[in-house]
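The values are calculated or read from the model by the stated rules, or taken from the named source; none is laboratory data. This is a predicted model, so every value here is computed, not measured. Backbone-built Cβ (ideal geometry, glycine too); neighbour counts: all protein chains shown.
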Amino acid sequence: MFGQKQGSLQQSAPVQQVGLGKFKEQAPDAPLYLAHVFACQPQIDVRVRMQAGLTLKSALTQKKLVYNQQILQNALQMVVQALKEENIGLRRTAGNVAASFVETDGLENSFPFIAALAGSLDVSQPQTQIEGTVDCLLKIIENNQLKCGLPTFESQLQEILEKLFIFAGNAIQAQNISLEIR
């Protein structure tokens, strides 16, 4: 009996994907719904929340889907809140989704967001929030490392690095922060 149920669940997955695809195409505010489930619903199972985050990332990377900039900005604000999550999977998913926002908007248009993210680091924050923010910044750098060497971005990168160095100096002085760079 269990094998039958499991098999029928696996067979219904493509049907669920088709329904999800239609939802993303037909709902112009789909990013808001997905971001809300991902970042603002702690009572929902972690796996469901992570799937909402990954679906949001997928929607962002599909070039045929174009969303209103204000909707995307509001969704991004919600996703950034998930960088504080206790669950490491949710934090990493939030970092990946935020990096997808940067990719979608373009690195050249995302420096204010990246600088704000770097500037938000503070030794008084919980360790999980610091880890989530640093992981997110590293993912953005990883996704854009070829662009980061361009001279046109030199002043913006310098501003971000300055904020990171200030944070690192404060963390060393406070001696209460441990960062693991992988």
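Worth a mention:
- Each residue in the stretch 57-101 was checked for being surrounded by fewer than 22 Cβ atoms within 10 Å (Cβ to Cβ) and β-branched (Val, Ile, Thr), and 4 of them qualify.
- Test for VAL46: is it crowded, with 16+ Cβ neighbours inside 10 Å and at pLDDT 95 or above: no
- From GLY132, GLY106, residue being buried (at least 16 other Cβ atoms within 10 Å of the Cβ), within 20 Å of LEU56 (Cβ to Cβ) and not aromatic (Phe, Trp, Tyr): GLY132
- Some residue of the stretch 76-97 being modelled with pLDDT of 90 or more and among the acidic types (Asp, Glu): yes
- Enumeration of residues in the stretch 58-75 that are under 24 Å from GLU131 (Cβ atoms) and modelled with pLDDT under 90: LEU60
- Residue satisfying condition, being assigned to a helix (DSSP H, G or I), under 12 Å from the mean Cα position of the chain (by Cα) and more than 16 Å from ARG47 (Cα to Cα), within set ALA99, ALA118, ALA94: ALA99
- Enumeration of residues in the stretch 109-123 that are in contact (Cβ under 8 Å) with a residue 40 or more places away in the chain and surrounded by fewer than 16 Cβ atoms within 10 Å (Cβ to Cβ): GLY119, ASP122
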